[in-house]
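Below is one structure; the comments refer to it alone.
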Amino acid sequence: MDFSKPDNARTINRLRVLSELRKGQASKAELSRKLGINKVSIGEMTDKMISEGLIEEGEKDFSSPGRPGRLLSINKDKGRVFAFCVSKRVVSVSVSDLLGRVLRFERYPRKDDMLENIQRAIARMSDKVTIYGSAAIIPEDFDTSILPSPILCVNRAEAEAESEIMRIGKSDGMLFLSWSDTFDAAIIRNGELHHLPDLAHIKAQRDGECTCGGRGCLEAAASGNALLSKTGAESIKDLVRNNSYGYAVKEAMRPLAAALAEAVQALSASSVMITGELSQLSDEAYAYLQELLHSVLPPYRKDIPVYRSLSGDNGQREGAAIMALDAFFYRSLLLEKLDAIENLSSVFQT
């Protein structure tokens, strides 16, 4: 992109304004100060975006000296993004506003009429507003042609992690373990989220044949699919809610703690957050997992905390929507690259 061209420069500045307002309300003067853009340009851009309906004016801002300006905010209802989550057993379709808030979702068993159900859900949820795109957590062989484009294919662990980050911010070294029908994982390293697809196959016990061809993998020892097979429970929710399956979940904690200890050491993780459907176990279960983890970690790492997901079952849908907004509305990756280029240029200039 040639930033010397006025149109390109204006597009980037518009994105910066939208990204700043995504964090919360701000006046034109605040935007000018925070973004380093002169007040005249900020005024022209924001007035145009108000006329387009992308942002809206609120109450007057009396927090700063001088003539009070009105607080601006994202018009969250001006557009939508979709999120599609397809697992072995269940299909979920959701639609979110421009702040990533899930407005509506539908979930149904994965059967022969899956594609028809998805198409009907899309039609019901479109609401005659602009659809900026979709994020999809789907199998590799899934037909994406029926989904609203553009489409971003994402993994489960990163989507769930993004949902948690929205609530607690980024904590460097936090390891996210998605525990549902299968395992998935991600970690924050140097402020960036990195996918860890192989963590599910870390050695956790001696026996147990895994789908990867190995033996003793965490996946074979403690995944939701493994627990469903061992207990005969009808669903992952049954494993969480029905106390009669508590013995099997407790047994799964030992290989889970062993695998987490290996991952924490290898990755120099500072904390662990369990996400996914099986994250909503009781406080007693978490206390037991914490106790087991401390017993196998070396003395200097025994303070590693294990947290429960704050997003719960909504994490996948919410996180996927955030990733779709980052990609197709706020263009967060583009802005991050531009900031990195500017920082590098300033280093060389000095």
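Using a 1.4 Å probe on the protein heavy atoms, what percent of the accessible area of region 84-134 belongs to carbon and sulfur? List each step's numbers first, then the result.
On the way: 1360 of 2720 Å².
The nonpolar share, carbon plus sulfur, comes to 50 percent.
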Could you tell me the largest-minus-smallest coordinate of the C-alpha atoms of the chain on each of the three principal axes, in descending order and whole angstroms? 68, 53, 39
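Taking 0.36 nm per intervening residue step and subtracting the Cα-Cα distance, what contour gain separates ARG189 from TYR286 on full extension?
On the way: separation 97, 0.36 × 97 = 34.92 nm, distance 2.48 nm.
Result: 32.4 nm gained on full extension.
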Rough spin-label spacing in nm, given labels placed 7 Å along Cα→Cβ, for ARG301 and LYS88: 2.9 nm
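By average Cβ neighbour count within 10 Å, what is the ranking of 124-131, 287-294 from highest down? Each step should come with its number before you reach the end.
Values: 124-131: 13.1, 287-294: 17.0.
Going by the mean number of other Cβ atoms within 10 Å, highest first, we get 287-294, 124-131.
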Apply the a/c threshold of 1.5 to the C-alpha gyration tensor of region 213-307 and tell me whether it is rounded, prolate or oblate. prolate
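Would you kindly state how much longer the chain becomes between ASP238 and GLU336 on full extension, computed as 0.36 nm times their sequence separation minus their alpha carbon distance, in nm to one decimal?
Details: separation 98, 0.36 × 98 = 35.28 nm, distance 4.22 nm.
Working it through step by step, the gained length comes to 31.1 nm.
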Among the lysines, which fall within straight-line cross-link reach of LYS88, defined as a Cα-Cα distance under 16 Å, with same-chain neighbours fewer than 8 residues apart omitted? LYS111, LYS237
Could you give the dipole magnitude of region 10-49 about its Cα centre, charging the beta-carbon of Lys and Arg +1 and that of Asp and Glu -1, in debye to the nearest 20? 100 debye
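What shape does region 159-265 take by its C-alpha gyration tensor, where a ≥ b ≥ c are the square roots of the eigenvalues and a/c under 1.5 counts as rounded, a/b above b/c as prolate, and the rest as oblate?
Details: a/c = 2.24, a/b = 1.44, b/c = 1.55.
Oblate.
Quick check for me: using +1 on Lys/Arg Cβ and -1 on Asp/Glu Cβ, what's the dipole size of region 184-305 about its Cα centre, in debye to the nearest 20?
Values: 11 positive and 15 negative charges, 52 e Å.
Rounded to the nearest 20 debye, it is 240 debye.
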In degrees, nearest 10, range 0 to 90: what is the angle between the Cα axis of helix 315-328 and the longest Cα principal axis of the chain? 40 degrees
Based on DSSP, what percent of beta bridges with both residues in region 110-234 are antiparallel, to the nearest 5? 80 percent
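Once you charge only the Cβ atoms, +1 for Lys and Arg and -1 for Asp and Glu, what is the size of the charge dipole of the chain about its Cα centre, to the nearest 20 debye?
Numbers: 45 positive and 48 negative charges, 156 e Å.
Its charge dipole is roughly 740 debye.
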By accessible area (1.4 Å), largest first, PHE328, PHE84 order as PHE328, PHE84
Using the charge dipole of the chain (Lys, Arg: +1 at Cβ; Asp, Glu: -1 at Cβ; taken about the Cα centre), state which of LEU293, ALA161, LEU334 has its Cα farthest towards the positive end. LEU334
Run the simple label-point estimate for SER171 and ARG70 please: 7 Å along Cα→C-beta, distance reported in nm. 4.0 nm
Region 166-285: antiparallel DSSP beta bridges as a percent of all, rounded to 5: 70 percent
Taking the 0 to 90 degree range and rounding to the nearest ten, how far is the long axis of helix 283-296 tilted relative to the main principal axis of the chain, both from C-alpha atoms? 80 degrees
Which percent, to the nearest 5, of DSSP beta bridges fully inside the chain are antiparallel? 60 percent
Report, in degrees rounded to the nearest 10, the 0 to 90 angle that the Cα long axis of helix 246-267 makes with the longest principal axis of the chain. 60 degrees
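The values are calculated or read from the model by the stated rules, or taken from the named source; none is laboratory data. Just so it is clear, the structure is predicted and the values come from calculations on it, not from any experiment. Neighbour counts are summed over all protein chains in view; Cβ atoms, including those assigned to glycine, are modelled from backbone coordinates with ideal geometry. Note: accessible area is taken over every heavy atom of the protein model, side chains too, but ligands, DNA and RNA are not part of it. Shrake-Rupley method; radii C 1.70, N 1.55, O 1.52, S 1.80 Å.
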